[in-house]
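Undergrad: Please find one structure pasted underneath; my questions will follow.
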Amino acid sequence: MPGLLGKKIGMTSVFSAEGKNLPCTVIEVGPCVVTQIKTKEKDGYEAVQLGFEEKKEKHTTKPEAGHFKKAGVTPKRHLAEFKGFETAYNPGDVITVEYLSETGFVDVVGTSKGKGFQGVVKRHGFGGVGQSTHGQHNRLRAPGSVGACSYPAKVFKGTRMAGQMGNERVTVQNLQVIKILPENNLLLLKGSIPGAKGSIVLIEK
């Protein structure tokens with residue numbers, strides 16, 4: 001699926017033509033530079049590799065420096081591959097947010113905020129195992145039985161328990177494009193997207 005790399009700036013709200021106040025997320029999209037063209041003959045599949053955000057030479061490894069030099073571009077901090085571009089691009093071509101100008105809806109892929117080790121109430125929405133009174137001590141937010149008894153005498157894989165929450169790759173589909181500001185490389189999408197401010201996201205058509 002074709003798309004671009006961007007950076008989450010934050011959230012705001014805008015008024016629609018009907019006068020409704022719409023919550024929206026502001027994303028800085030591109031400009032993205034084509035750093036490599038993958039072909040079926042050489043790589044086994046077809047894709048376009050895009051680079052986003054400048055990177056200092058001293059922070060670039062020699063293999064990376066050679067890769068960017070071959071494409072004739074300056075070092076980039078983030079790279080991602082996209083398939084299905086209608087236009088044929090060459091290394092060094094620049095793709096801006098205007099690529100999405102005629103797109104009504106997009107999918108956004110990001111990394112959700114990490115929330116550390118959390119219990120089952122916060123992580124899975126459990127209701128707890130009973131009342132906080134009647135002699136119960138410290139059991140209100142406990143998970144209760146996890147299923148081990150005479151049969152199957154084990155706990156099944158995938159049983160919902162406490163554990164690490166967040167910091168996962170999350171895709172939000174069909175977000176409406178509210179506005180595009182090409183002079184500032186900004187894209188306004190209706191609703192929220194995963195990740196903290198400043199995190200890198202993939203915007204797919």
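The values are calculated or read from the model by the stated rules, or taken from the named source; none is laboratory data. Being a predicted model, the structure only gives us computed values, none of them experimental. Methodologically, a virtual Cβ is constructed for each residue, glycine included, from the backbone with ideal geometry; neighbour enumeration extends over all protein chains shown. All accessible areas refer to the heavy atoms of the entire protein, side chains included, with ligands and DNA or RNA removed. Shrake-Rupley method; radii C 1.70, N 1.55, O 1.52, S 1.80 Å.
Undergrad: Once you have the Cα-Cα distance between Met1 and Glu168, take 0.36 nm times their residue separation minus that, and quote the gain in nm to one decimal.
TA: Extra length from Met1 to Glu168 when fully extended: 58.1 nm.
Undergrad: What stretch of the chain, leaving out the sites themselves, is the longest with no chymotrypsin sites (Phe, Trp or Tyr not before Pro) in a DSSP loop having at most 12 other Cβ atoms within 10 Å?
TA: With a cap of 12 other Cβ atoms within 10 Å, the longest stretch comes to 46-155.
Undergrad: How much net charge surrounds Ser112 when only other residues with a Cβ under 12 Å from its Cβ are counted (Lys, Arg +1; Asp, Glu -1)?
TA: +3
Undergrad: Could you list the residues of segment 147-171 with an amide nitrogen less than 19 Å from a label point located 7 Å from the Cα of His124 in the Cα-to-C-beta direction?
TA: 147-168
Undergrad: So with the 1.4 Å probe, I'd like the accessible area per residue for segment 117-174, rounded to whole Å².
TA: Value for segment 117-174: 81 Å² per residue.
Undergrad: Among the GluC sites (Glu not before Pro) in segment 117-205, which ones are in a DSSP loop with at most 15 other Cβ atoms within 10 Å of the Cβ? Mind listing them?
TA: Glu168
Undergrad: Among Phe82, Ile203, Asn167, which residue has its Cα furthest toward the positive end of the charge dipole of the chain, with +1 on Lys/Arg Cβ and -1 on Asp/Glu Cβ?
TA: Asn167
Undergrad: Next question. Given a Förster radius of 30 Å and the C-beta distance between Thr87 and Ser192 as r, what FRET efficiency does 1/(1 + (r/R0)^6) yield to the nearest 0.05?
TA: Efficiency at R0 = 30 Å is approximately 0.45.
Undergrad: Still on this structure, I have one more. Could you work out the relative contact order of the chain, using alpha carbon pairs under 8 angstrom and six or more residues apart, expressed as a whole percent?
TA: Relative contact order of the chain: 30 percent.
Undergrad: Could I ask something else about it? Computed from these coordinates, which is Cα Rg over 2.2 N^0.38 Å: [x] 1.01; [y] 1.38; [z] 1.24?
TA: [y]
Undergrad: Can you give the angle from 0 to 90° between the axis of helix 62-71 and the longest principal axis of the chain, with both taken from C-alpha atoms, to the nearest 10?
TA: Approximately 50 degrees, to the nearest ten.
Undergrad: Which whole-angstrom value gives the distance between the alpha carbon centres of segment 126-205 and segment 61-101?
TA: 33
Undergrad: Still on this model: Ignoring ligands, DNA and RNA, please state the percent of accessible area on segment 104-185 from carbon and sulfur, probe 1.4 Å.
TA: The computed percentage sits at 48.
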